[in-house]
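The values are calculated or read from the model by the stated rules, or taken from the named source; none is laboratory data. These numbers come from a predicted model, not from an experiment. Here the Cβ positions follow ideal geometry from the backbone for every residue, glycine too, while neighbour counts run over all protein chains shown.
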Amino acid sequence: MTRPPLKPTIKTQGAVFLDRDGTIIKEVNYLNRIQDVELLPQAAEAIAKLNQQQIPVILVSNQSGIARGKFSENFVAKTHRHLQEMLNRQGAHLDDFFFCPHHPESGKAPYKKVCACRKPAPGLLYEAAARHHLGLSESYVIGDKLIDVELALRVGGKGLLVETGHGKSEKEKIAKSEIKPTFIATDLYAAVNWILAHRKRET
């Protein structure tokens, strides 16, 4: 009996998803002025290392300041264009930007709602995966809060906590939390180095 030919296995590519405030740029608490956008040390260099390896680098961010009336969606889009220009000048780039404008308790419709995109809910990752044909279980999330780690775990990926931004205070919560980072890094640059070494070990 002749067996039918095996279907080729489709290998999906993972991505590195980055939180914005406190991870790529300085945390200023509801950023609402373009002039306050400040790259953290070696953040551009870290992103450039991922670019050089052709690993998709995608920003995923909660921006509840929109729901709270502190700034608009247009301002966030403008901020992201400015951030991309800053990175470009240092030989780096982000492949896409996704953000959640909602808050479950603050603001007015249509922004005051329980949604599927506010981290740690994985809606932004699902949207990115569909648009860029990504494998989320092969992906990493880097952020300065445990919700970023939880986001990764919810899709079977790996979550890295950085000690910049809110990271040091979040680190103190780990002992009492069920959410455990795959790795704790001093900053984005250290996190990216860990990811590149981990990927090398896995291949």
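Observations on the model:
- When 102, 82, 93 are checked against the criterion of being more than 17 Å from residue 24 (Cβ to Cβ) and not basic (Lys, Arg), a single residue qualifies: 102.
- Residues being basic (Lys, Arg), without any contact (Cβ under 8 Å) to a residue 40 or more places away in the chain and under 21 Å from residue 188 (Cβ atoms) - total across the range 99-122: 0
- Number of positions in the range 55-106 that are within 20 Å of residue 32 (Cβ to Cβ) and acidic (Asp, Glu): 2
- For the range 128-153, residues that are out of contact with any helix residue (DSSP H, G or I) (no Cβ under 8 Å at 6 or more places or on another chain) and either over 24 Å from residue 54 (Cβ atoms) or surrounded by fewer than 16 Cβ atoms within 10 Å (Cβ to Cβ) (or both) total 9.
- Note on the range 183-199: among residues that are touching a helix residue (DSSP H, G or I) at 6+ places or on another chain (Cβ under 6 Å) and aromatic (Phe, Trp, Tyr), the one that is nearest to residue 137 (Cα to Cα) is 183.
Results for (1) touching a Phe, Trp or Tyr at 6+ places or on another chain (Cβ under 6 Å); (2) in a strand (DSSP E or B); (3) within 30 Å of residue 67 (Cβ to Cβ); (4) at pLDDT 95 or above, shown as yes or no for each residue.
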residue	(1), (2), (3), (4)
5	no, no, no, no
8	no, no, no, no
28	no, no, yes, yes
31	no, no, yes, yes
41	no, no, no, yes
48	no, no, no, yes
51	no, no, no, yes
54	no, no, no, yes
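- Single residue of the range 10-26 satisfying the filter (touching a strand residue (DSSP E or B) at 6+ places or on another chain (Cβ under 7 Å) and modelled with pLDDT under 95) that is farthest from residue 76 (Cα to Cα): 12
- Filtering the range 62-98 to residues that are in contact with a Phe, Trp or Tyr (Cβ under 6 Å, 6 or more places away or on another chain), free of Cβ contacts under 8 Å to residues at least 40 places away in the same chain and closer than 12 Å to residue 111 by Cα leaves 63, 65.
- Sub-9 Å Cβ pairs linking a first residue in the range 186-203 that is within 18 Å of residue 22 (Cβ to Cβ) and touching a residue at least 40 places away in the same chain (Cβ under 8 Å) to a second residue that is of a type in the set (A, V, I, L, M, F, W, C) and part of a loop (DSSP other than H, G, I, E, B), at least 6 apart or interchain, are 187/40; 188/24; 188/40; 189/40, ordered by first then second residue.
- Contacts under 7 angstrom Cβ, first residue in the range 24-45 being under 11 Å from residue 87 (Cα atoms), partner small (Gly, Ala, Ser), 6 or more apart: 24/43; 44/92
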